[in-house]
Structure formats: C-alpha cells, structure tokens
Amino acid sequence: MFEFFTTFPVMERLSLLELKKGIDLSFRQFSRAYGDQIEAFFDPLLHFLVWFEKLLLATPWPIIILVIAVLAWFGSRSWKLVVGSAIAFMLIGYFGMWKDCMATVAIITVCTIICIAVGIPIGVVMSKSDRAQKIILPILDMMQTIPSFVYLVPILMLLGIGKVPGLIAVCIYALPPVIRLTNLGIREVDKETLEASEAYGATPLQKLTTVQIPLSLPTIFAGVNQTIMMALAMVVIASMIGVKGLGVPILRAISNQYLALGLMNGLAIVALAIIFDRITQEYGRRIQKHRDPQKK
Amino acid sequence: MFNRKSTVFALFVLTFGAYSGIANAACGNVIVAEQNWASAELMANVDKVILENGYGCEVELIPGATMPTFTSMDEKGAPDMNPEQWANAVYVPLIKAVDEGRLVIANKAPITGLGEGWWLTPGSIEKHPELKGMTAVEIMKHPEWFPYAEDPSKGAFVGCPAGWGCQLANAQLFRAFEMESKGWVLVDPGSAAGLDGSISKAAESGKTWFGYYWNPTSIVGKYDLQHVDFGVPFAGRDNWDKCITVAEQECADPKPSAWTKSEVNTIITSEFAKQGGQDIVDYIGARTYPGPVMNGMLVWMADNQAGGVDAALEFLSKHEDIWTKWVSSDVAAKVKAGL
C-alpha cells in the first residue's frame, strides 16, 4: 500500500527501452533517407563559409585591422574604441592566434547574418499575432535552455562533423534574442504614432517598414548585440563537432591542463566579444540619440 | 624492461608485504575514475559493485578522461583508481610515478586484444575495391578517394579529438608521412561524439572514411571497420616516446612508424594499495576482460543505450563464469547476493 507513495510508478524498463530505441531508429532512418538532400541544401552555405574564411585569411592582416578600425569608427565614433580594437587584434595576432581568430570571426559573422535574416521576420510575425507569439515563445525558451550537447547528437547524425553542423548548433542558441527583441520592439511602438500613420492611409506593409521597424530599431539592435554575444559563447561547443577556431585550442587546453594556452584563447574570445559588443551597443545608442533630440 | 618490471615488483612486495596483515580490515572510501567512454564506464561500474558488495568499500565514481585523470592521480593522489588507463599517452610520467612510489600498476592488461590504429569504413572498400589489403602508405597516394567536405580537392584524414593523448600522435604521424604535401587534411573531429559521429555518418551512408580509432569498441564491431596496416615497421620506442607523442614544437622531425603496441593498465595510487589491502589488489590484478566479451558488451551497451550502471549489472549477471574467477568464492557469493 505504502509502496505506491514511496516508489514512483515508473514506465516498465523494457518498454522504455523500446521507446528510446524506436525514436533512435526512426531518426536514423530519416537521416539515411534525407541526409544527402539536407546536406546538399546546406552546400551553398558551406561554400560561402569556406570562401569567407579563406577571404579573411588571404587578406593581409593590416587591411583586416584597418577594416575593423573603420567599422569601429562608424559604429561608435569613438577614438578610444578604434584604438582599443586595433591593439586587441594586433595582440591576438602577435600571440599566434590570428588564424584561429579569423576562423572564429568568419563563423560568428555568418551566424549573425543568418540569425538576422531568419530572426527579424519571425519577430515581426510574432508581434503581429498573439497566437504566433504563444506558439513561438516556448520554442525560444527551449532553444535557449536545452543543453547544447543534446542537439549535437541529431545534428551530427544528419550532417556529420564540420562547419555547417557547427553553424547550426551556434544559431540554435544565438537566434532567440533577436526574435524576442524584434517582437518586443515592434509591440512597444507608440499606439498614437501608429494611429497617425493609419490616418494618413498607410497600408500595413507601409506601417511596418516606415513606422514600426524604424522606431523599434534600437531594441532590435540590442537583440542583434545579444545574438553576437551568445554566438561567441558557443564557439567552444561548436569546436566539439569539428569547427576550426579559437575553441579548438581551448578544448586542447582543458584536456591537457595547458593553463596559458586556454587563458590566451579564452581572452581572445573575450576581446572579440567586447569589441563587437561595444561597437554594436554604441551604434544602437547613436540611433536612439537621433530619435530623441532633446536628450542630447 | 626487466628493470622496470622488477622495480614494479619490488614496489608491490614492499607496499603489500607490510600491510597484508590489516588487509580488508577497513576498505573505507574509494574514488574510482569513470572515464567518458563505454568500456571505461563498464569497468568502473563493475569495480564499484564488486568493491562495494564484495569488499565493503564505499565507492564513489567521478568522471574522468585519460590526461586529466592521470594528472590528478599523479599530482593529488585522487582518484584512487583508474580502471582503464591508456598507458601510451602517459608512458614516461607513468613510469616515473611508479618508480617514485606514487602510483601502482595493478593490472597490466585488463582487456585483451585491444589496439589503436587507422581504420577504413567498409563503404570505402566497396567504392574503391583496390583499397582491400592496401597499407596506409599506399592509401596515402589516393587522397582523391576521401574528399574533404570543405575542400574537395584534398583528402580528409580524421584524427583524434583535441586534447586526447592520441591527438599529438596522429598529428606527428601526419607530418612524418608528409601527408599534407600528398594532398591530405588532418581533420580534428573536436570530441568523442564528433569522431563517432563522423564514422557512423560515413558508414550509414556508405561513404568513404579514413581515420583513427581503436578496438575494442562498439563502433568497430557495429560498423565492421577495417583495420589498416601501416606498411612501415614500428620505428622504435625512442622515436615514439620522444617524438610521436609530443607536441610539434618539441620534436620537429618525427620518423614514419607503425602504431605502438597499445598498453592499457589499471592503475591505483599507492595510498589505495595500502588502504585497500592485498585482497583488493589481487582482485584488480586478476580482473581480465577477454576482448570478444568486452566487444559484445560494448555492442550491447550501444544497442540498448545502456550506461555503465546497467551494463555492469548485465555483465555481472550474464558473464558469471568470467568474473567469479577474479575473486574468492565467498566474495563472489557476497557480490551475487547484492545484485
């Protein structure tokens, strides 16, 4: 009698095993049947990634640093940031991490582009429909909290090891912030402003592109900033499925207790994060200033 | 070699001669490393059951991996025991630790018939029948048969995950055989999951795959991986220990060589050898898993997605004839009673 309360009624061991095996088998059959097509679908992405990484590596380093400095200037208009970024990249190169760093920059850049291209439309749909929001929100929660090792297995079975599976793993984790903040930004746009635009006869599309998105840009930008940060946080995980970059030496350092190697590459990731963060944040702030002239 | 053996033997005598009197009096708390691959999980859990039920120890399993576990045992004296220490990766420091009395090699071959090396998927041979019977040196002439996804003009050789002992060896052999100039890329699979994933992906879709793996493993059994002969003899311990297993900057000119004979040990700390007593050391010394049985267990684990705990119970109930020989009959009875 008391046994019912003290031992949890658990599914029978064999049927549980059958269930697990069944799920595995059906996924394996799925990956056998469609793996090649899915791989072919991602082929252009792979070529772009490889091309972009080769471009970064083939470009003479002074030009890369110059490009970074120019980006920093246009993003922030702050000399401190420009000089700081240039020095950080020079140090990364000087300590022999240039190649890995460029591989990481390549995958982070492509990942950010994909997340923006996929995330902003989803965010817009979410902001338009409460039902879509109800469906998408739990999915986003899952993407952000499910341990990444869990989805590495199906990705590996489907696509093997390499850049594309790594990129997908990074995107799963990094995509939610840009969706969430696009949704939030559009929902927060002033009702009266919208009414005014409606009064002038704006179509829903015009409303979206000329009022809602421009007014919510600072919030959307905060989302992009978060996406970049989370992508950088996934660099080491991505290296576990064969993505080259700063994560590989860190994995090597973890297993061999190479303190200096781990620290240097870890700090290089931190430097990248700070540079990207400050540039995008300053840029977001500058858009906001423009919208709020009285705060100048 | 004899010198080393006699040192080890002397250590055994010294350590246990003095303590055999209090053998088994109080086994106490034991920390066993459960390394993160299937055979090590199985062995750690079997040891846990036998030590707890048979010898009254309190066993705690802590996660481990070849290099970190060894370093921790060598430097800190914990965990107390590593059931499956791949010795090649730590050959020099292990001998040093044994000589200096910190560690004891309690079993020189806990699994029979194992080995590391280079393998092909059966699909590779189906696609290119010429591969059958080819040595590694001959395969190296055909990078075009193993196109690398990120640059199809090169051949992909899948090495060892970053941080594993074998990673350095594969990287140095890759250089010794001048594979880069022959058109190969050394692919770092990043992790155990990455390495297994690349094999199962290639094997399931019938693609070609050439890379590093080891036996006994469920992967070798399940996908029928074909072992590749190197085509060159083993180029001596000096080359292997001082050059192949160290980083590139420490040895610039590795010589081509076959893979060294794999040595797996069960190592324990001298502290635990004293604390546990002669009976436990005898048990560890007698505990030898025959290769085919181990392979069978590994395939069973993979098929049933069993972890170390389930696998240990399966092993102890199905292979009584094997493990009861490792222990005295009353210990065997105690273990059986506790199952």
Q | Tally of residues being surrounded by fewer than 21 Cβ atoms within 10 Å (Cβ to Cβ), assigned to a loop (DSSP other than H, G, I, E, B) and more than 12 Å from the chain's Cα centre (by Cα) across the stretch B:72-98 | A | 2
Q. Is it fair to say A:Asp43 is under 28 Å from the mean Cα position of the chain (by Cα), within 11 Å of chain B (Cβ to nearest Cβ) and within 20 Å of A:Val153 (Cα to Cα)?
A. no
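What helices (runs of 4 or more DSSP H) completely inside the stretch A:143-242 contain at least 2 residues that are within 14 Å of chain B (Cβ to nearest Cβ)? Working first, answer last.
Values: elements: A:148-159, A:163-187, A:191-199, A:204-207, A:213-233, A:235-239.
In the stretch A:143-242, A:148-159, A:163-187, A:235-239 are the helices (runs of 4 or more DSSP H) which contain 2 or more residues that are within 14 Å of chain B (Cβ to nearest Cβ).
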Q: Could you look through the stretch A:1-33, keep only residues that are within 11 Å of chain B (Cβ to nearest Cβ) and touching a residue at least 40 places away in the same chain (Cβ under 8 Å), and pick out the one that is farthest from A:Val170 (Cα to Cα)?
A: A:Arg28
Q: Would you list the helices (runs of 4 or more DSSP H) that sit entirely within the stretch B:189-308 and hold 3 or more residues that are out of contact with any Ser or Thr (no Cβ under 8 Å at 6 or more places or on another chain), surrounded by 23 or more Cβ atoms within 10 Å (Cβ to Cβ) and of a type in the set (Gly, Ala, Ser)?
A: B:192-204
Q: Note down all Cβ pairs under 8 Å where the first residue falls in the stretch A:46-62 and is at the interface with chain B (Cβ under 9 Å from one of its Cβ atoms), the second is surrounded by fewer than 17 Cβ atoms within 10 Å (Cβ to Cβ) and at pLDDT below 95, and they're at least six residues apart or on different chains.
A: A:Val50/B:Asp151
**Q.** Single residue of B:Asp238, B:Asp229 found to be in the same structural domain as B:Ala193 (by TED's automatic domain parsing), in contact (Cβ under 8 Å) with a residue 12 or more places away in the chain and not aliphatic (A, V, I, L, M)
**A.** B:Asp229
Q.
Just to be sure I understand the filter: pairs with C-beta atoms under 8 Å, separated by 6 or more residues or on different chains, first member in the stretch B:178-200 and more than 18 Å from A:Lys244 (Cβ to Cβ) and within 9 Å of chain A (Cβ to nearest Cβ), second member in a helix (DSSP H, G or I) and of a type in the set (Ser, Thr, Tyr). Which pairs pass?
A. B:Ser200/B:Tyr223
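The values are calculated or read from the model by the stated rules, or taken from the named source; none is laboratory data. On a predicted model such as this, the values are computed, not experimentally measured, just so you know. Note that each Cβ is placed from the backbone with ideal geometry, even for glycine, and that neighbours are counted across all protein chains shown.
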